[in-house]
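One structure is given here, and the rest of the page talks about it.
The values are calculated or read from the model by the stated rules, or taken from the named source; none is laboratory data. Worth saying up front: this structure is predicted, and the values here are computed from it rather than measured. Here the Cβ positions follow ideal geometry from the backbone for every residue, glycine too, while neighbour counts run over all protein chains shown. Side chains are part of the model used for accessible areas, which takes the heavy atoms of the whole protein and leaves out ligands, DNA and RNA. Shrake-Rupley method; radii C 1.70, N 1.55, O 1.52, S 1.80 Å.
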Amino acid sequence: MNEPESNVAPPKGEPHGFQDLSGTNVGDIVFKTVLILGALLIPVLLGFLVWELVDGSRLAIQEYGLGFLTSSTWDPVAEEFGALPLIFGTLLSSLLALLIAVPLSLGVAVFLTEFAPARIRSPIAFLLELLAAIPSVVYGLWGIFVLIPFLRATIFPFLQGTLGFLPFFSGPIYGPSMLAAAVILAIMVMPYIMSVSREVLLAVPASQREAAIALGATRWEAVTTAVIPSARSGIIGAIILGLGRALGETMAVTMVIGNTHELAASLFAPGYTMAAVVANEFTEASTDIHFAALTYVALALFVVTLAVNAFARLLVWRVTQKASGSGGGR
Amino acid sequence: MINSRRVRRWTSNLMVGVVGLTVLIGILPLFLILGTLVVKGAGSLNLAFFLETPAPVGETGGGVAHAIVGTLLIVAVACLMGLPIGLAAGIHAAEFPGTRLSRATRFLADVMNGTPSIVVGVFAWTWVVARQGHFSGLAGSVALALLMIPMVMRTTEELILLVPNALREAALALGYSRWRTSLTIVARTALPGLVTGSLLAVARIAGETAPLLFTALGSQFMRTDVTQPMSALPLAVFAYATGPYEEWHRLAWASALVLILLVLFLSLLTRLATRSRFGSHE
């Protein structure tokens, strides 16, 4: 369940589906027409989505142009809008989240594919998939009332005590902060990175491992020298897919990041993300230009996640494709 | 030489231990979150919680019946719109795999799947809310349906591809027309999978909050008219969690517990059903 990605393409060389597309009777023609209409709706809806976003943000695009992305003033009253702190906050919180989540999820994926006894593999993968099924708003709730008080009481003072000379860990400790958002995001994207990299590691042919072991490698060396290198681009793809998730994550981040339009170097300071500002201000907006600015932010977020996801998918697709071509995989 | 081999073996065992530890750290949040939900939420679950609408601010008691009804209605309407499209597109992609259209829909469905749900919410706002002139549960359903379509499409395609082609050929050889083969043989064989795949999509969208914020908006009253603003469980959790009152926080935990029970129940159901059917697949 909850496999975030499915790289299913019809198996090569094997005929599948109807080879002859021309229907012969009325039922066939009707059936095929209905299917085509359903399939056509996907490009149509997506095109409409892009059109509506562009149309909705037209006012802001005309007013601010691309300078919108580099200006840091956000003042709905003076009708001045700039998205730099939002873009900064989105990127920073997502990258920090990856910093925490990547080692953990790769560790889990490696353990599950290489070392775990066969009996516990499925149950553990299942539990992690449950983590992916928890709604974002529940993460947010837990973040506000459990995670933030815990971080503020223990981890944050510890970080400040040991690494306080760095600008990232200096300044007053607030509860809601960039770092709290990063921790929540890390927990949320971990199952995605884990499940895709597990899929990629499983696609590495067993002969790779056996060859390394036969040459005298230890179990760990077999992983680092034979398995991971051949899965590398797929793992990078998995990480970037996780990045795509983190960039667009809304509710949990909105609830723990503190929501201020100021740029701060300290990770203990509150911040803002593109998704969070849309979630918070869209219902409050009263002027057309405010709506347009928020839609512009949504459009920018859409473009960024689109690029990130397309790139990641290409990487994962290449690895699993290679595997199924050489007889491994499914 | 012997020494270095010992070091290498020791390193190997150590690293296996370390990655084993990451599993424990990775699973820990699940138990922490579920545990907190049960501890803080279970105490507030009583009959009134399921049957009553919120009490006025300052009073204790009251429930989230309005949000439960809202979630059920919004999700049901989303299914009415999303399921047929997703199923049709999925069957199309599996039955006519080589066509340009099916390759395009497969790629675009993945694009839609990666689109942040808040962006879909903005789209539903500009499309439905801005044009209608007011918030409505219907607009929320539109947003959720859009999130649902690519998920349903991809699982449908995947499950139909699992049906052996020999079945299709046998039916065609016996003189069945293509549409009857596809619907009564192929889709029929994959039906249990299609049902669970759809349930999984329902589980996913039922927990979505961001696309409902400025479409369904939320409401304090019991509403059954989807053309009006209405509440939903995720919206209630958000509103109560970010509100200032202790009593609201209590309701937030209880609503979150109900929401997660709903979502996990659907997910577990899916898991059990798919496992018994495709046990050898995992």
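Step through the residues of the range A:80-93 one at a time and calculate ³J(HN,Hα) from phi using the Karplus curve (6.51 cos²θ - 1.76 cosθ + 1.60, θ = phi - 60°), rounding each to whole Hz and writing x for Gly and Pro.
Rounded to whole hertz, the list is 10, 10, x, 9, 4, x, 5, 5, 4, x, 4, 5, 5, 5.
If you put +1 on each Lys and Arg Cβ and -1 on each Asp and Glu Cβ, how big is the dipole of chain A around its Cα centre, in Debye rounded to 20?
Magnitude of the dipole: close to 1360 debye.
Kindly rank B:178-189, B:140-151, A:128-139 from highest to lowest mean number of other beta carbons found within 10 Å of each residue.
My ranking of the peptides, most packed first, is B:140-151, A:128-139, B:178-189.
What are the ³J(HN,Hα) values, in whole Hz, obtained from phi via the Karplus relation 6.51 cos²θ - 1.76 cosθ + 1.60 with θ = phi - 60°, for each residue of the range A:41-52 in sequence order, with x given for Gly and Pro?
4, 5, x, 4, 5, 5, x, 5, 4, 5, 4, 5
Counting only other chains, and only Cβ atoms inside 10 Å, what mean value do you get across the residues of A:243-250?
The shielding value for this peptide is 4.
Per-residue Cβ counts within 10 Å, from other chains only, averaged over B:199-212: what number is that?
4
Give me, ordered by chain and number, the residues 5 or more places off A:W74 or on other chains with an amide H under 5 Å from its own placed amide H.
A:G82
Measure out, as a whole number of angstrom, how far apart the alpha-carbon centroids of the range A:200-237 and the range B:74-126 sit.
36 Å
About the Cα centre, and with charges only on the beta carbon of Lys, Arg (+1) and Asp, Glu (-1), how big is the dipole of the range A:118-229? Nearest 20 debye, please.
So the dipole magnitude of the range A:118-229 works out to roughly 160 debye.
Quick check: at a probe of 1.4 Å, how many percent of the accessible area of the protein assembly as shown sits on carbon and sulfur atoms?
Using a 1.4 Å probe with all protein chains present, the protein assembly as shown comes out at 67 percent carbon and sulfur.
Using the Cα gyration tensor of chain A, with a ≥ b ≥ c the square roots of its eigenvalues, what is the shape: rounded (a/c below 1.5), prolate (a/b larger than b/c) or oblate (neither)?
oblate
If the only charges are +1 at each Lys and Arg Cβ and -1 at each Asp and Glu Cβ, what is the size of the charge dipole of the protein assembly as shown around the Cα centre, to the nearest 20 debye?
2420 debye
Which shape class applies to chain B: rounded if a/c is under 1.5, otherwise prolate when a/b exceeds b/c and oblate if not, where a ≥ b ≥ c are the square roots of the Cα gyration tensor eigenvalues?
Here chain B falls in the oblate category.
In the protein assembly as shown, with Lys and Arg counted as +1 and Asp and Glu as -1 at Cβ, which of these residues, A:I148, A:P85, A:L98, has the Cα nearest the positive end of the dipole, that is, farthest along it?
Ranked along the dipole, the leading option is A:L98.
At a 10 angstrom cut-off on C-beta neighbours, averaged per residue, how do the peptides A:67-77, A:142-152 rank from highest to lowest?
A:142-152, A:67-77
For the range B:1-62, what is the Kirkwood estimate of the hydrodynamic radius, computed as the reciprocal of the mean inverse distance between distinct Cα atoms, to one decimal in Å?
It works out to 16.3 Å.
At a 10 angstrom cut-off on C-beta neighbours, averaged per residue, how do the peptides A:231-244, B:73-86 rank from highest to lowest?
The most tightly packed comes first, giving A:231-244, B:73-86.
For peptide B:100-112, what's the mean number of Cβ atoms from other chains within 10 Å of each residue's Cβ?
Averaged over the peptide's residues, the number is 5.
Could you tell me the relative contact order of the range A:59-328? Use alpha-carbon pairs under 8 Å, at least six residues apart, and round to a whole percent.
Answer for the range A:59-328 is 28 percent.
Projecting each Cα onto the charge dipole of the range B:50-281 (Lys/Arg +1, Asp/Glu -1 at the beta carbon, about the Cα centre), which of B:P234, B:V195, B:P116 comes out farthest on the positive side?
Result: B:V195, furthest along the dipole toward the positive end.
Report the Cα centroid-to-centroid distance between the range B:150-200 and the range A:57-132 in angstrom, as an integer.
37 Å
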